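Peer 1: Next up is a structure, given as structure tokens.
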Ligand SMILES: C[S@@+](CC[C@H](N)C(=O)[O-])C[C@H]1O[C@@H](n2cnc3c(N)ncnc32)[C@H](O)[C@@H]1O
């Protein structure tokens, strides 16, 4: 074998350098594709799925303080996608601030991969005893994170009515429903004063992380009551305001006491309270045939706990 020349050595080290560079580039390019394959549902709002004429409903002045949702919980890894910035509405209802509507620009946050562990959506829905053939309304459905799951639970003989006050959210939801090849979802753009629900036709109304944003809570509850069948149920899922470690801004959280104070006088009764989720309350209200008088403020211990004489089970599952 003839000895290597200087040119041979130079050529071989150049080839080794090019191979190493190509390997690094391909790893960098393929990593995001692998990450998106881990998503439980299709991404909600990539730039291509956003309506081209989309405009923000309000300023999005992202600063570090606005993102303390992610920073407050000790030892928790920050979310890969941040909840969008928001502003104060300055409006109050029964002693709490009404939160600003979360803009459709935040739709990717609603589909963040961490949400599965943080909110356990499938276990939450499993606790609601949803049956094939039911009519379920996902009020404030956003881009359809729960709508897709509900549509599978009620099956082809059931219907999910998915409403939102933001037409852009409903457009994103339509895209996600189409992509999931579901045919039993009715997307509806509603308003703060008209929930646009059919009368006496709904078995269950679900509102996840929505009620605290309702600009006109009494109008919304009146429409929900009219939409529910006599044995229909209203389910609110809200971040626990009693727990300072839940990493969500105060006006986007609610106590049990506050929810009961607002919901029960409108013709509902707390039937069950489930607290097995890491950060959220699940409150199941039944539709009362004869609503109490308007002064029917429920008994609470003022600390977010359901008193023992209430039928709410308060059971914990973990
Ligand atoms: C934080 S997002 C939650 C979306 C969805 N429920 C989820 O869990 O992915 C709140 C949504 O409620 C909608 N919303 C607020 N007030 C509403 C109302 N009165 N009626 C219907 N939608 C409403 C907002 O537009 C927003 O899309």
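The values are calculated or read from the model by the stated rules, or taken from the named source; none is laboratory data. This is a predicted model, so every value here is computed, not measured. So basically every Cβ, Gly included, is an ideal-geometry build from the backbone, and we count neighbours across all protein chains shown.
Peer 1: Hey, can you tell me all the residues within the stretch 218-236 that are assigned to a helix (DSSP H, G or I), more than 8 Å from the ligand (Cβ to nearest atom) and under 22 Å from residue 144 (Cα atoms)?
Peer 2: Passing the criteria: 221, 223, 224, 227.
Peer 1: Would you say residue 123 is modelled with pLDDT of 95 or more, within 13 Å of the ligand (Cβ to nearest atom), within 19 Å of residue 281 (Cα to Cα) and within 17 Å of the chain's Cα centre (by Cα)?
Peer 2: No, not satisfied.
Peer 1: Based on what the data block shows, is residue 151 under 12 Å from the mean Cα position of the chain (by Cα), buried (at least 21 other Cβ atoms within 10 Å of the Cβ) and in a helix (DSSP H, G or I)?
Peer 2: So residue 151 does not fit the description; no.
Peer 1: Where residues in the stretch 72-95 are within 15 Å of the ligand (Cβ to nearest atom) and in contact with a strand residue (DSSP E or B) (Cβ under 9 Å, 6 or more places away or on another chain), which of them is modelled with the highest pLDDT?
Peer 2: Per the stated criteria, the residue is 91.
Peer 1: Given the residues 248, 170, which is the only one that is part of a loop (DSSP other than H, G, I, E, B) and either modelled with pLDDT under 95 or crowded, with 16+ Cβ neighbours inside 10 Å (or both)?
Peer 2: On inspection, the qualifying residue turns out to be 248.
Peer 1: Could you check the stretch 189-208 and list, in sequence order, the residues that are at positive phi and either away from the ligand (no atom under 14 Å from the Cβ) or in contact (Cβ under 8 Å) with a residue 40 or more places away in the chain (or both)?
Peer 2: 200
Peer 1: Looking only at residues in the stretch 126-148 that are away from the ligand (no atom under 11 Å from the Cβ) and in a strand (DSSP E or B), which one is nearest to residue 101 (Cα to Cα)?
Peer 2: If we take residues in the stretch 126-148 being away from the ligand (no atom under 11 Å from the Cβ) and in a strand (DSSP E or B), then 136 is nearest to residue 101 (Cα to Cα).
Peer 1: Pick from the stretch 98-120 the residues that are within 23 Å of residue 136 (Cα to Cα) and surrounded by fewer than 19 Cβ atoms within 10 Å (Cβ to Cβ): which of them is nearest to the ligand (Cβ to nearest atom)?
Peer 2: Once the filter is applied, the top-ranked residue is 115.
Peer 1: For the stretch 160-167, indicate whether the set of residues that are out of contact with any helix residue (DSSP H, G or I) (no Cβ under 8 Å at 6 or more places or on another chain), part of a helix (DSSP H, G or I) and crowded, with 21+ Cβ neighbours inside 10 Å is non-empty.
Peer 2: No: the stretch 160-167 contains no residue that is out of contact with any helix residue (DSSP H, G or I) (no Cβ under 8 Å at 6 or more places or on another chain), part of a helix (DSSP H, G or I) and crowded, with 21+ Cβ neighbours inside 10 Å.
Peer 1: Could you list, in sequence order, all residues of the stretch 228-239 that are buried (at least 21 other Cβ atoms within 10 Å of the Cβ) and farther than 13 Å from residue 268 by Cβ?
Peer 2: Of everything in the stretch 228-239, those that are buried (at least 21 other Cβ atoms within 10 Å of the Cβ) and farther than 13 Å from residue 268 by Cβ turn out to be 237, 238, 239.
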